[in-house]
1. Is it true that some residue in region 75-95 is closer than 26 Å to VAL170 by Cβ and within 14 Å of the chain's Cα centre (by Cα)?
2. Mind checking which pairs have a first residue in region 7-36 that is among the charged types (D, E, K, R) and a second that is crowded, with 20+ Cβ neighbours inside 10 Å and assigned to a helix (DSSP H, G or I), Cβ under 8 Å, 6 or more apart or different chains?
3. Restricting the search to region 155-166, which residues are loosely packed, with under 12 Cβ neighbours inside 10 Å and over 23 Å from GLN127 (Cβ atoms)?
4. Out of HIS54, HIS115, I need the residue that is closer than 27 Å to VAL203 by Cα and touching a strand residue (DSSP E or B) at 6+ places or on another chain (Cβ under 8 Å). Which one?
5. Which members of region 34-56 meet the condition of being within 13 Å of the chain's Cα centre (by Cα) and among the small types (Gly, Ala, Ser)?
6. Looking at region 17-53 only, could you name the residues that are part of a loop (DSSP other than H, G, I, E, B) and either within 18 Å of LEU114 (Cα to Cα) or not small (Gly, Ala, Ser) (or both)?
7. If we scan region 13-23, do we find a residue that is modelled with pLDDT of 95 or more and closer than 23 Å to VAL170 by Cβ?
8. Take residues that are in contact with a Cys (Cβ under 8 Å, 6 or more places away or on another chain) and tell me which of the helices (runs of 4 or more DSSP H) falling wholly in region 100-209 contain 2 or more.
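The values are calculated or read from the model by the stated rules, or taken from the named source; none is laboratory data. All of these numbers come straight from a predicted model, not from anything done at the bench. Quick reminder, even Gly has a Cβ in these numbers, built from the backbone with ideal geometry, and neighbours come from all protein chains shown.
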Amino acid sequence: MSAAEEIKNVQDMVSAEEWQLRVDLAATYRLVAMYGWDDMIFTHISVRVPGPEHHFLINPYGMLFEEITASSLVKIDLEGNIVMDSPYFVNPAGFTIHSAIHSAREDAQCVLHLHTDDGMAVASQEQGLMPLSQMAMLVRSHLAYHDYEGVALDLDERERLVADIGDSKVMLLRNHGTLAVGETCGLAFMAIYFLERACTAQVRTLSGTPNMPSDAAIETVNGQSATLFQPGVDALAWPALLRKLDRMDPSFRD
(Lines give C-alpha, C1' and ligand atoms only; values in the text may rest on other atoms or scores of the structure.)
Protein backbone atom coordinates (compact mmCIF):
# COMPACT_ATOMS: atom_id res chain seq x y z
CA MET A 1 0.00 0.00 0.00
CA SER A 2 1.38 3.41 -0.95
CA ALA A 3 1.58 6.37 1.41
CA ALA A 4 -1.17 8.08 -0.58
CA GLU A 5 -3.49 5.08 -0.23
CA GLU A 6 -3.19 5.19 3.56
CA ILE A 7 -4.74 8.67 3.74
CA LYS A 8 -8.49 8.78 4.22
CA ASN A 9 -10.50 11.06 1.96
CA VAL A 10 -11.33 14.33 3.72
CA GLN A 11 -13.68 15.90 1.19
CA ASP A 12 -16.66 15.59 3.52
CA MET A 13 -14.69 17.15 6.38
CA VAL A 14 -13.87 20.48 4.70
CA SER A 15 -15.74 23.21 2.86
CA ALA A 16 -16.26 23.01 -0.89
CA GLU A 17 -13.93 25.99 -1.27
CA GLU A 18 -11.16 24.32 0.71
CA TRP A 19 -11.61 21.07 -1.19
CA GLN A 20 -11.14 22.86 -4.52
CA LEU A 21 -7.97 24.47 -3.19
CA ARG A 22 -6.75 21.04 -2.08
CA VAL A 23 -7.35 19.62 -5.56
CA ASP A 24 -5.55 22.54 -7.21
CA LEU A 25 -2.61 22.32 -4.80
CA ALA A 26 -2.29 18.55 -5.25
CA ALA A 27 -2.34 19.15 -9.01
CA THR A 28 0.45 21.69 -8.64
CA TYR A 29 2.60 19.16 -6.80
CA ARG A 30 1.96 16.59 -9.54
CA LEU A 31 2.82 19.12 -12.25
CA VAL A 32 6.11 20.02 -10.55
CA ALA A 33 6.95 16.30 -10.51
CA MET A 34 5.88 15.92 -14.13
CA TYR A 35 8.23 18.70 -15.23
CA GLY A 36 11.08 17.16 -13.24
CA TRP A 37 11.32 20.10 -10.85
CA ASP A 38 10.82 18.15 -7.63
CA ASP A 39 13.62 17.50 -5.15
CA MET A 40 12.70 14.10 -3.73
CA ILE A 41 10.55 14.90 -0.65
CA PHE A 42 11.96 18.41 -0.22
CA THR A 43 10.75 21.91 -1.19
CA HIS A 44 7.19 23.04 -0.74
CA ILE A 45 4.08 24.49 -2.30
CA SER A 46 1.41 25.94 -0.03
CA VAL A 47 -2.04 27.47 -0.29
CA ARG A 48 -3.77 29.73 2.21
CA VAL A 49 -7.22 28.56 3.27
CA PRO A 50 -9.75 31.46 3.28
CA GLY A 51 -10.79 32.64 6.71
CA PRO A 52 -9.54 34.73 9.63
CA GLU A 53 -7.46 31.88 11.08
CA HIS A 54 -4.73 32.16 8.40
CA HIS A 55 -4.50 28.41 8.05
CA PHE A 56 -2.71 27.01 5.06
CA LEU A 57 -2.12 23.69 3.33
CA ILE A 58 1.32 22.23 2.73
CA ASN A 59 2.81 18.90 1.71
CA PRO A 60 3.15 16.05 4.19
CA TYR A 61 6.85 15.59 4.88
CA GLY A 62 7.94 12.22 3.55
CA MET A 63 5.70 11.93 0.49
CA LEU A 64 7.00 12.35 -3.04
CA PHE A 65 5.30 15.06 -5.07
CA GLU A 66 3.97 12.42 -7.47
CA GLU A 67 2.12 10.78 -4.55
CA ILE A 68 0.38 13.83 -3.11
CA THR A 69 -3.40 13.94 -3.14
CA ALA A 70 -5.97 16.50 -2.09
CA SER A 71 -6.68 14.59 1.13
CA SER A 72 -3.03 14.06 2.10
CA LEU A 73 -2.21 17.78 2.36
CA VAL A 74 -1.58 18.97 5.93
CA LYS A 75 -3.40 22.01 7.33
CA ILE A 76 -1.35 24.16 9.71
CA ASP A 77 -1.50 27.60 11.28
CA LEU A 78 1.06 30.41 11.14
CA GLU A 79 2.88 28.95 14.14
CA GLY A 80 3.33 25.61 12.38
CA ASN A 81 0.77 23.75 14.46
CA ILE A 82 -1.20 21.05 12.67
CA VAL A 83 -4.87 22.01 13.00
CA MET A 84 -6.49 18.99 11.34
CA ASP A 85 -5.67 15.37 12.12
CA SER A 86 -2.96 13.95 9.87
CA PRO A 87 -0.56 11.01 10.19
CA TYR A 88 2.17 13.27 8.78
CA PHE A 89 4.19 16.24 9.95
CA VAL A 90 5.63 19.14 7.97
CA ASN A 91 9.14 20.35 7.18
CA PRO A 92 10.02 23.31 9.46
CA ALA A 93 12.02 25.01 6.71
CA GLY A 94 8.90 25.03 4.55
CA PHE A 95 6.94 26.56 7.37
CA THR A 96 9.45 29.43 7.81
CA ILE A 97 9.44 30.54 4.18
CA HIS A 98 5.76 30.02 3.43
CA SER A 99 4.29 31.40 6.64
CA ALA A 100 6.29 34.61 6.18
CA ILE A 101 4.89 35.31 2.73
CA HIS A 102 1.34 34.12 3.42
CA SER A 103 1.09 36.36 6.48
CA ALA A 104 2.39 39.44 4.66
CA ARG A 105 0.80 39.19 1.21
CA GLU A 106 -2.95 38.93 0.78
CA ASP A 107 -2.44 38.26 -2.93
CA ALA A 108 -0.07 35.36 -2.20
CA GLN A 109 -2.66 32.66 -1.75
CA CYS A 110 -0.25 30.15 -3.28
CA VAL A 111 3.51 30.09 -2.59
CA LEU A 112 5.69 27.76 -4.66
CA HIS A 113 9.36 27.05 -3.86
CA LEU A 114 11.76 24.83 -5.84
CA HIS A 115 15.35 23.56 -5.81
CA THR A 116 15.89 22.84 -9.52
CA ASP A 117 19.39 22.46 -10.95
CA ASP A 118 19.04 25.45 -13.25
CA GLY A 119 17.20 27.58 -10.69
CA MET A 120 19.92 26.97 -8.10
CA ALA A 121 22.61 27.66 -10.70
CA VAL A 122 21.22 31.07 -11.67
CA ALA A 123 20.48 31.92 -8.03
CA SER A 124 24.14 31.22 -7.32
CA GLN A 125 25.50 33.40 -10.13
CA GLU A 126 26.62 36.90 -9.17
CA GLN A 127 24.66 38.57 -11.97
CA GLY A 128 21.43 36.73 -11.19
CA LEU A 129 18.92 36.43 -14.03
CA MET A 130 20.27 38.05 -17.18
CA PRO A 131 18.13 39.33 -20.10
CA LEU A 132 19.34 36.59 -22.44
CA SER A 133 16.00 35.14 -23.53
CA GLN A 134 12.46 36.35 -24.07
CA MET A 135 11.40 34.41 -20.97
CA ALA A 136 14.02 36.19 -18.87
CA MET A 137 13.10 39.62 -20.19
CA LEU A 138 9.44 38.97 -19.39
CA VAL A 139 10.25 37.84 -15.85
CA ARG A 140 12.91 40.31 -14.72
CA SER A 141 10.60 43.21 -13.90
CA HIS A 142 8.68 40.91 -11.54
CA LEU A 143 11.79 39.41 -9.91
CA ALA A 144 13.19 39.95 -6.42
CA TYR A 145 16.26 38.52 -4.63
CA HIS A 146 16.87 37.29 -1.10
CA ASP A 147 20.39 36.62 0.20
CA TYR A 148 21.22 33.22 1.61
CA GLU A 149 21.20 32.97 5.42
CA GLY A 150 21.43 29.18 5.86
CA VAL A 151 18.72 26.52 5.97
CA ALA A 152 15.46 28.40 6.56
CA LEU A 153 14.89 27.41 10.19
CA ASP A 154 15.39 30.80 11.85
CA LEU A 155 12.01 32.49 12.28
CA ASP A 156 13.74 35.87 12.41
CA GLU A 157 14.52 35.46 8.69
CA ARG A 158 10.83 35.85 7.87
CA GLU A 159 10.93 39.63 8.28
CA ARG A 160 13.84 39.95 5.86
CA LEU A 161 12.20 37.59 3.37
CA VAL A 162 9.05 39.69 3.35
CA ALA A 163 11.02 42.92 2.94
CA ASP A 164 12.99 41.49 0.02
CA ILE A 165 10.06 40.07 -1.93
CA GLY A 166 8.00 43.26 -1.55
CA ASP A 167 5.19 43.02 -4.10
CA SER A 168 7.15 40.89 -6.58
CA LYS A 169 5.68 37.72 -8.05
CA VAL A 170 8.89 35.73 -8.39
CA MET A 171 12.11 35.54 -6.40
CA LEU A 172 15.57 34.05 -6.60
CA LEU A 173 16.66 32.80 -3.19
CA ARG A 174 20.42 33.29 -3.50
CA ASN A 175 22.45 30.05 -3.46
CA HIS A 176 19.19 28.21 -2.78
CA GLY A 177 16.45 28.14 -5.41
CA THR A 178 13.40 29.76 -6.94
CA LEU A 179 10.07 30.98 -5.56
CA ALA A 180 6.79 32.24 -7.00
CA VAL A 181 3.53 33.53 -5.56
CA GLY A 182 0.09 33.81 -7.07
CA GLU A 183 -3.54 34.53 -6.26
CA THR A 184 -4.25 30.98 -7.44
CA CYS A 185 -2.27 27.80 -7.89
CA GLY A 186 -2.54 28.33 -11.63
CA LEU A 187 -0.98 31.79 -11.47
CA ALA A 188 1.81 30.65 -9.15
CA PHE A 189 2.56 27.73 -11.46
CA MET A 190 2.65 29.97 -14.52
CA ALA A 191 5.05 32.31 -12.71
CA ILE A 192 7.44 29.53 -11.71
CA TYR A 193 7.19 28.06 -15.21
CA PHE A 194 8.41 31.31 -16.77
CA LEU A 195 11.18 31.72 -14.17
CA GLU A 196 12.41 28.15 -14.49
CA ARG A 197 12.43 28.30 -18.29
CA ALA A 198 14.38 31.55 -18.10
CA CYS A 199 16.94 29.96 -15.76
CA THR A 200 17.36 26.93 -18.01
CA ALA A 201 17.85 29.16 -21.04
CA GLN A 202 20.53 31.14 -19.19
CA VAL A 203 22.46 28.08 -18.07
CA ARG A 204 22.47 26.70 -21.60
CA THR A 205 23.28 30.04 -23.22
CA LEU A 206 26.28 30.63 -20.97
CA SER A 207 27.84 27.40 -22.23
CA GLY A 208 28.74 29.47 -25.28
CA THR A 209 29.05 33.15 -26.18
CA PRO A 210 25.72 34.88 -25.43
CA ASN A 211 24.06 37.25 -27.85
CA MET A 212 22.80 40.17 -25.79
CA PRO A 213 19.61 41.85 -27.02
CA SER A 214 19.57 45.61 -27.45
CA ASP A 215 18.64 47.89 -24.57
CA ALA A 216 15.63 49.01 -26.60
CA ALA A 217 14.40 45.42 -26.98
CA ILE A 218 14.87 44.75 -23.27
CA GLU A 219 12.89 47.87 -22.40
CA THR A 220 10.12 46.94 -24.88
CA VAL A 221 9.65 43.47 -23.40
CA ASN A 222 9.78 44.94 -19.90
CA GLY A 223 6.76 47.07 -20.77
CA GLN A 224 4.99 44.17 -22.46
CA SER A 225 5.32 42.06 -19.29
CA ALA A 226 3.37 44.43 -17.04
CA THR A 227 0.31 42.16 -16.77
CA LEU A 228 2.15 38.86 -17.20
CA PHE A 229 1.17 37.29 -13.89
CA GLN A 230 -2.23 38.91 -13.42
CA PRO A 231 -5.46 36.86 -13.16
CA GLY A 232 -6.47 35.61 -16.58
CA VAL A 233 -3.01 34.60 -17.75
CA ASP A 234 -3.72 31.09 -16.48
CA ALA A 235 -7.22 30.87 -17.93
CA LEU A 236 -6.26 28.63 -20.85
CA ALA A 237 -3.07 26.96 -19.63
CA TRP A 238 -4.27 25.79 -16.19
CA PRO A 239 -7.34 23.83 -17.41
CA ALA A 240 -5.17 22.28 -20.13
CA LEU A 241 -2.63 21.18 -17.52
CA LEU A 242 -5.38 19.66 -15.37
CA ARG A 243 -6.67 17.73 -18.39
CA LYS A 244 -3.17 16.38 -18.95
CA LEU A 245 -2.92 15.26 -15.33
CA ASP A 246 -6.33 13.60 -15.54
CA ARG A 247 -5.17 11.62 -18.57
CA MET A 248 -1.95 10.59 -16.81
CA ASP A 249 -3.21 9.87 -13.28
CA PRO A 250 -6.33 11.50 -11.79
CA SER A 251 -5.56 10.26 -8.25
CA PHE A 252 -4.42 13.77 -7.25
CA ARG A 253 -8.15 14.49 -6.87
CA ASP A 254 -8.58 11.89 -4.09
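1. For region 75-95, residues closer than 26 Å to VAL170 by Cβ and within 14 Å of the chain's Cα centre (by Cα): present.
2. Filtered contacts from region 7-36: ASP24/CYS185; ASP24/GLY186; ARG30/PHE65; ARG30/PHE252.
3. ASP156, GLU159
4. None of the other options fit; the residue is HIS115.
5. Passing the criteria: only SER46.
6. The answer is TYR35, GLY36, TRP37, ASP38, MET40, ILE41, THR43, VAL49, PRO50, PRO52, GLU53.
7. yes
8. 117-123, 185-205
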